[in-house]
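Heads up, the thing below is written out as structure tokens.
The values are calculated or read from the model by the stated rules, or taken from the named source; none is laboratory data. None of the values given here were measured: they were computed from a predicted structure. Cβ placement follows ideal geometry from the backbone for every residue including glycine, while neighbour counts extend to all protein chains displayed. Keep in mind that these areas ignore ligands, DNA and RNA; they rest on the heavy atoms of the full protein, side chains included. Shrake-Rupley method; radii C 1.70, N 1.55, O 1.52, S 1.80 Å.
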Amino acid sequence: SFTMAKKKDAGKNYLDFVPVRNPSFDFTVADDGIVTIAVEWQGFYHRIAQRFFHRPRVSDIKLDTYGSFIWQAIDGEKTVFALSQELEAHFGSMEKALSRLIKFLEIMHDNRLISWKGEVHK
């Protein structure tokens, strides 16, 4: 069916994608290797939230062990496939390692923490 083919393609293409960290986000790495990314909330709705709900302008996003490892492994050269191999080497054979990696990267991408190399932003 058409949907099956489409899904398979998406998975295959993802392996060749190269994630690139967004340089406008500062991050720190603790001694235990945990990464914390400082995200500045911008835009009209965020300003309203800050004013009325005393929401901080900058929030710290603390990644888990797995996310921290991926974030630090992203160097703007490695493909998703290469990153998945590093993950497996580091954490041993993980359940659904590749799909978890892709999901994590998609979330990071949706929040503009990473981009895909060669991607044109509209």
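Pairs of Lys residues in the chain that lie 8 or more places apart, or on two chains, and have C-alpha atoms under 22 angstrom apart add up to 19. What FRET efficiency comes out for Asp26 versus Phe53 if R0 is 25 angstrom and r is the Cβ-Cβ distance? Round to the nearest 0.05. FRET efficiency, Asp26 to Phe53: 0.55.
Residue separation of Asp16 and Trp116 scaled by 0.36 nm, minus their Cα-Cα distance, works out to 35.0 nm of gained length.
Between amide H atoms placed 1.01 Å from N, distances below 5 Å from Ile114 occur with Asn22, His109, all of them 5 or more places distant or on a separate chain. Calculated mean residue ellipticity, 222 nm, the chain: -15500 deg cm²/dmol, from DSSP H runs (n ≥ 4) at -39500 (n - 2.57) each, averaged per residue and rounded to 500.
Please state the equivalent ellipsoid semi-axes for the chain: what are the square roots of 5 times the Cα gyration tensor eigenvalues, largest first, in whole Å? It would help to have the intermediate numbers written out before the result.
Numbers: eigenvalues 159, 79, 35 Å².
Output for the chain: semi-axes of 28, 20, 13 Å.
In this label model, Ala89 and His109 are separated by 2.4 nm, measuring between points 7 Å along each Cα→Cβ vector.
Send over a whole-number figure in Å² for the accessible area per residue of the chain, probe 1.4 Å. Kindly include the intermediate steps, with their values, before the conclusion.
Numbers: 8620 Å² over 122 residues.
Per-residue value: 71 Å².
Note on Trp41/Ala73: beta-carbon distance plugged into 1/(1 + (r/R0)^6) with R0 of 35 Å gives a FRET efficiency of 0.85. Basic side chains Lys and Arg get +1 at the Cβ, acidic Asp and Glu get -1 at the Cβ, and with that the dipole of the range 35-121 about its Cα centre reaches some 500 debye.
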